[in-house]
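The values are calculated or read from the model by the stated rules, or taken from the named source; none is laboratory data. Not measured: the values here are computed from a predicted model. Don't worry about glycine lacking a Cβ; one is built from the backbone with ideal geometry, like all the others, and counts go over all protein chains shown.
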Amino acid sequence: MSNEASDLLAAVVDGDQSRVPRLAELVYDDLRRLAQHYMKQEKVGHTLQPTALVHETFLKLIDQEHVDWQSRSHFFAIGAQAMRRILVNHAKRRARIKRGGNRLKLSLNEAVAVSSEQDEDVLALDEALEKLAQIDERQAQIVELRFFGGMSVEETAAAMDLSKRTVEREWTGCRAWLRRELSGGGDS
């Protein structure tokens with residue numbers, strides 16, 4: 001995120017709503033790419049469109065209080081968390097409406113695949129991440145940034161103030177743990 005975007009975001013968070021249009025202009029394309037990353041993994045006919053996901057995420061980001069936006073990675077890490085929450089809440093609403101049927105499917109793509117052969121349910125992945133956070137919060141955050149945020153190892157390391165090697169090592173462990181957990185073999 002540019003210095004201008006950081007300054008605008010701080011001004012908006014402090015209550016200067018006149019800066020919202022310019023801020024939106026500066027971050028929209030990046031948020032749209034992030035939303036498209038999420039949505040390309042959803043089933044065809046998903047009722048939440050990338051544009052709506054971007055808008056809802058943007059509104060959540062500018063509604064943050066007491067956040068010291070440190071970098072582009074930090075901004076998009078929080079954006080990834082917001083998008084994850086929006087998609088999970090959307091899936092929960094749909095599942096509730098359908099009484100458990102027709103859950104939204106999320107394909108774990110090859111770049112960050114836990115299993116390249118299976119489609120995993122958004123809600124099951126969210127439950128697994130919540131369980132992982134109870135065991136190791138840092139590893140859960142790595143999964144969130146890598147998978148939901150579409151961040152590279154380097155971007156994840158920068159956002160979390162970790163070494164690249166630490167992220168690589170923990171990412172490998174996270175994938176193995178999630179593979180076991182999502183296949184029903186996890187007891188931890």
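Among the residues making up the stretch 143-161, those that are in contact (Cβ under 8 Å) with a residue 24 or more places away in the chain and either within 15 Å of D126 (Cα to Cα) or outside any helix (DSSP H, G or I) (or both) are V143, E144, L145, R146, F147, F148, G149, G150, M151. Can you find even one residue in the stretch 73-88 that is surrounded by 15 or more Cβ atoms within 10 Å (Cβ to Cβ), over 13 Å from the mean Cα position of the chain (by Cα) and modelled with pLDDT of 70 or more? Checking the stretch 73-88: not a single residue is surrounded by 15 or more Cβ atoms within 10 Å (Cβ to Cβ), over 13 Å from the mean Cα position of the chain (by Cα) and modelled with pLDDT of 70 or more.
Results for (1) modelled with pLDDT under 75; (2) of a type in the set (D, E, K, R); (3) closer than 14 Å to R180 by Cβ, shown as yes or no for each residue.
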{"site": "N109", "(1), (2), (3)": "yes, no, no"}
{"site": "S116", "(1), (2), (3)": "yes, no, no"}
{"site": "D121", "(1), (2), (3)": "yes, yes, no"}
{"site": "E130", "(1), (2), (3)": "no, yes, no"}
{"site": "Q139", "(1), (2), (3)": "no, no, yes"}
{"site": "V143", "(1), (2), (3)": "no, no, yes"}
{"site": "F148", "(1), (2), (3)": "yes, no, no"}
{"site": "M151", "(1), (2), (3)": "no, no, no"}
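Out of all the residues in the stretch 162-171, is one or more touching a residue at least 60 places away in the same chain (Cβ under 8 Å) and exposed (fewer than 15 other Cβ atoms within 10 Å of the Cβ)? No, every residue in the stretch 162-171 fails to be touching a residue at least 60 places away in the same chain (Cβ under 8 Å) and exposed (fewer than 15 other Cβ atoms within 10 Å of the Cβ). In the stretch 31-61, the residue that is nearest to M160 (Cα to Cα) out of those that are hydrophobic (A, V, I, L, M, F, W, C) and at pLDDT below 75 is M39.
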